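Take a look at the structure set out below.
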Amino acid sequence: MKNTYLSLLPYAVMTTLSVSAVGAAAAPAEIKLWRHETSNIAEIQVSKDAIDRFNKSQGNWRVVAEMIPEGSYTQTVTAAALANELPCILDMDQPVVPNFAWSGYLRPLEGLVSKEALDSLIDSAKGSYKGQVYSVGQFDVALALFTRKSILDKHGIRQATMEQPWSKAELLDALAKLKASGEYPYPLSMRTGWSGEWYSYGYTPWLQSFGGDQINRDNYREAEGVLNGKAGLAWGEFFQDLFEQGYVDRNPSDDKAFIQGRSALDYVGSWEMDNHSQRWGEDLVVMPVPDFGNGPVVGGGSWQWGVTQSCANPEGAAAFVEFILQPSEIAEMSEVTGMIPSSAEAARLTKHYREGGDWRFFYDYSAAYAKLRPATPAYPIISSTFETMARNIKDGSSVQDALDEAVDTIERNIADNKGYGFN
Amino acid sequence: MNADTSALKGAALPTPSSGAAEPYRPPRRRYVFLLSTPALLGLFMFLILPFLMAVVMSFTDQRLLSPNETEWVGLRNYDRLLSVNWLVQEPVADNGVVQRDADGEPTYPRLRTLLRQDPAYEGYKELTSWQLGDKRLVVLAKDPLFIKSFLNTLQFVLLVVPLQCGMALGLALLINRQLKGIYLFRTIFFSPVVTSIVVVSIVWSFLYHRDLGLFNHYLQAMSFGLIGPIDWLGDPEWAMPSIVLMSAWQAAGVQMLIFLAGLQGISADLYEAAELDGAGTWSKFWHVTLPGLKNTTVFVIISTTIQAFGLFTQVDVMTRGGPQGSTSTVMYHAVTKGFREQDIAYGSAISVIFFLVILAIALLQKRFFDKRGG
């Protein structure tokens, strides 16, 4: 008896030692990742699955994800930055990337991520500051005008196409017809009830189509003449007129007007495509945004991934970023969430966005019309000031005064912060 | 009150002559400190330290996220908040003939061009203006929105305190009876308080909607179409009163319970005596109830005033400071500047000034009530 146990002992010892040796050699370095938690559960699941696939595909690094609620995401990230507790990888809304880069929290991605991967992306899927890329995204969205074929036919309104988008006159004409018909208390729904980034993201493209902009992109220090010049004044008066004529609701009680048939036109982003097509099916028509003189313009840049300066394993973080920029990964995200894929090869792999796909037009709008928001650390104040200004114009204040006040606020803030690195 | 204290009289209250007074003191003070340290630590970390930080920050150009070094700027933030100036504008005249616009009003050169050219008026914007004949007196301020926010907050306090306290008193009088089921009404009247203010704001913004809201529907129905639809949240005249109504409705429950406690503290003998003297309902209310509620009323008014000064959530959810700044309050302005635009030093300066103002008003109120009572 004793001899049997004794003879088994060396085998037991050897097995234990070899198992622990294997375990010790293969302990992967942990990489922390934060992403914002949206109401789109499918999007979260795709991210989690991508992380699992990455972890399984190699043994050097293990990405551990944490979801942060979207509503307080900026505050959480700011607080973590101040406390020096940022994760290795985090996702950010593209327009705040220059601010984070200027504050010194992000690493430039050139050198970390391969040039081929960066070049394969569409322009609006990269966040830059002073010529360097700091963030990359898997998807983008495009603004469009949604309406219904039955409405266009009933009122004799031409359907706009990319070859011939609506002009300002055509838009006003269509709105006048719809308002006169009495069927729609407010024919155009522009989501004026949304607060936060929407006013800057959604309404600046029209300002840019008029020929203005939020700030002079040559020096990123002046807004005088750009925001409050003739083009800005023309946009402001047009914008105010929409409300005065009763085409748009100043204070909508909800954002379901188009879905419930209370409004005829809906100016919103492609993220609503799923809801709209479920509601209106074959009757739904998607048109490019109007051309107010300088070509149609849509916004660009959505949630993108960046690598922080405080990351202990930047090569691992870069490996993960390259992993999710593969066409198969981008296509997977696009298929599940319905958003525009950020590279041409990925678009070919998706059902909706391949050439001839039923949502290909969003990809085309983004490629043709997208203009990124100003790549300056001053963007948070530009956005906040623009929102206040647009609300004042909507509520009836003097257009030139509102524009001038916005310019003064933005320029003073830039001067206070020593030009935000632009000198 | 009437308990037998004679036994206690014999017990050893330390008297100087006993010679045993001294040894009692040190342990008491030590225990006082020990037992209150946890609470004092919390108060220090979350109240006193941030307050001191805010005061110090308001003299710098601190930002939330910035690679630039924080610099001492002295009174710059206060100067930007409180500077007021004025100038008189002549109308545009062509060879002595005043140019007038379509309404017959004199036209004036663009104020902004004037202000940008003259270094004495750097950073100023128009606050308000008055016509003096053909000339125009323009009052300038460096932060007209702050001054407007302050006046809006004062307007809110002056409207909401009488309304809310009056409602609370009325409700307390109603439920101060021994009827069956009175507890049900007490719960119903208190329920708005326990509902989240954000949820209340969202629901009331549905009610206030110009075309689809319930209030306008009832108004039109009850007045047979005479009272037109009121743009409750979109009209600068009506936006603040709308918020006043909603805030008074939501918070009256708490004051109602405090008044109820005060009412139940008034001895029933006084009411009996008043009835024997032939007092009617109004006389009883005026001469017995109100004087008996004096201390309660003082507390309710002071605490409601201080809470009302902090108005923020309703504005943030319903109107975002609009329309045209008519509902912007000091707290909303401070949060917008300090957190959303990341200028935390400016936000701190706003909160320091506000603290001094509220302190002064609270002390004045107390003085007023003490004088009347004493």
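The values are calculated or read from the model by the stated rules, or taken from the named source; none is laboratory data. Just so it is clear, the structure is predicted and the values come from calculations on it, not from any experiment. Backbone-built Cβ (ideal geometry, glycine too); neighbour counts: all protein chains shown.
Quick look at the values:
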{"item": "Selected residue (only one of B:282, B:204, B:249 is within 14 Å of chain A (Cβ to nearest Cβ) and closer than 23 Å to residue B:166 by Cα)", "result": "B:204"}
{"item": "Exclusive hit being within 21 Å of residue B:324 (Cα to Cα), assigned by TED's automatic domain parsing to the domain that holds residue B:153, without any contact (Cβ under 8 Å) to a residue 60 or more places away in the chain and not aromatic (Phe, Trp, Tyr), set B:229, B:241, B:236", "result": "B:229"}
{"item": "Of residues in region B:340-354 being free of Cβ contacts under 8 Å to residues at least 24 places away in the same chain and in a helix (DSSP H, G or I), the one nearest to residue B:77 (Cα to Cα)", "result": "B:347"}
{"item": "Region A:96-116: number of residues that are out of contact with any strand residue (DSSP E or B) (no Cβ under 8 Å at 6 or more places or on another chain) and away from every other protein chain (no Cβ under 14 Å)", "result": "4"}
{"item": "Some residue of region B:149-163 being over 21 Å from the mean Cα position of the chain (by Cα) and in contact (Cβ under 8 Å) with a residue 12 or more places away in the chain", "result": "no"}
{"item": "Test: residue B:325 is surrounded by 18 or more Cβ atoms within 10 Å (Cβ to Cβ) and either more than 14 Å from chain A (Cβ to nearest Cβ) or not aliphatic (A, V, I, L, M) (or both)", "result": "yes"}
{"item": "Neighbours by Cβ (under 8 Å, 6+ apart or cross-chain): first from region A:90-105, under 21 Å from residue A:201 (Cα atoms); second at pLDDT below 90 and among the acidic types (Asp, Glu)", "result": "A:93/A:197; A:95/A:197"}
{"item": "Region B:142-156, residues that are aliphatic (A, V, I, L, M) and not in a helix (DSSP H, G or I)", "result": "none"}
{"item": "Neighbours by Cβ (under 7 Å, 6+ apart or cross-chain): first from region B:200-225, at negative phi; second among the basic types (Lys, Arg) and not in a helix (DSSP H, G or I)", "result": "B:216/B:210"}
{"item": "Complete set of residues in region A:290-317 that are closer than 21 Å to residue A:342 by Cβ and surrounded by fewer than 18 Cβ atoms within 10 Å (Cβ to Cβ)", "result": "none"}
{"item": "Members of region A:220-253 found to be in a helix (DSSP H, G or I), within 13 Å of another protein chain (Cβ to nearest Cβ) and touching a helix residue (DSSP H, G or I) at 6+ places or on another chain (Cβ under 7 Å), listed by number", "result": "A:233, A:240, A:243"}
{"item": "Matching residues, region A:377-423, being free of Cβ contacts under 8 Å to residues at least 24 places away in the same chain and under 12 Å from residue A:227 (Cβ atoms)", "result": "A:389, A:405, A:408"}
{"item": "Residue list for region A:62-82, filter: more than 12 Å from every other protein chain (Cβ to nearest Cβ) and surrounded by fewer than 20 Cβ atoms within 10 Å (Cβ to Cβ)", "result": "A:62, A:64, A:65, A:66, A:67, A:68, A:69, A:70, A:76"}
{"item": "Cβ pairs under 6 Å, 6+ apart, first in region B:290-308 and over 23 Å from residue B:327 (Cα atoms), second outside any helix (DSSP H, G or I)", "result": "B:292/B:266"}
{"item": "Boolean, residue A:367 is in contact (Cβ under 8 Å) with a residue 12 or more places away in the chain and in a loop (DSSP other than H, G, I, E, B)", "result": "no"}
{"item": "Subset of region B:51-71 (residues that are surrounded by fewer than 17 Cβ atoms within 10 Å (Cβ to Cβ) and either within 14 Å of chain A (Cβ to nearest Cβ) or of a type in the set (A, V, I, L, M) (or both))", "result": "B:52, B:53, B:55, B:56, B:67, B:68, B:69, B:70, B:71"}
{"item": "Residue match in region A:412-423 (condition: in a loop (DSSP other than H, G, I, E, B), within 14 Å of chain B (Cβ to nearest Cβ), surrounded by fewer than 24 Cβ atoms within 10 Å (Cβ to Cβ) and aromatic (Phe, Trp, Tyr))", "result": "yes"}
{"item": "Region A:254-276 - residue that is in a loop (DSSP other than H, G, I, E, B) and surrounded by fewer than 19 Cβ atoms within 10 Å (Cβ to Cβ) and, of those, modelled with the lowest pLDDT", "result": "A:254"}
{"item": "Odd one out for residue A:347 among (1) away from chain B (no Cβ under 14 Å); (2) closer than 24 Å to residue A:198 by Cβ; (3) buried (at least 20 other Cβ atoms within 10 Å of the Cβ)", "result": "(2)"}
{"item": "Lone qualifier among A:295, A:281 - being free of Cβ contacts under 8 Å to residues at least 60 places away in the same chain and at positive phi", "result": "A:281"}
{"item": "Where a residue in region B:92-106 is surrounded by fewer than 11 Cβ atoms within 10 Å (Cβ to Cβ) and its partner, wherever it lies, is at pLDDT 80 or above, with Cβ under 9 Å and at least six apart", "result": "B:101/B:107"}
{"item": "Matching entry among A:238, A:210 (being modelled with pLDDT of 95 or more and either among the aliphatic types (A, V, I, L, M) or more than 24 Å from the chain's Cα centre (by Cα) (or both))", "result": "A:238"}
{"item": "Entirely in region B:205-307, the helices (runs of 4 or more DSSP H) that have 2 or more residues that are at pLDDT 90 or above and acidic (Asp, Glu)", "result": "B:268-276"}
{"item": "Subset of region B:166-185 (residues that are over 26 Å from the mean Cα position of the chain (by Cα) and in contact (Cβ under 8 Å) with a residue 12 or more places away in the chain)", "result": "B:175, B:176"}
{"item": "Given (1) crowded, with 24+ Cβ neighbours inside 10 Å; (2) within 14 Å of chain B (Cβ to nearest Cβ); (3) not in a helix (DSSP H, G or I), number of the condition residue A:406 does not satisfy", "result": "(3)"}
{"item": "Any chance residue A:212 is among the small types (Gly, Ala, Ser), crowded, with 22+ Cβ neighbours inside 10 Å and under 18 Å from residue A:383 (Cβ atoms)", "result": "yes"}
{"item": "Odd one out for residue B:337 among (1) touching a residue at least 24 places away in the same chain (Cβ under 8 Å); (2) within 11 Å of chain A (Cβ to nearest Cβ)", "result": "(1)"}
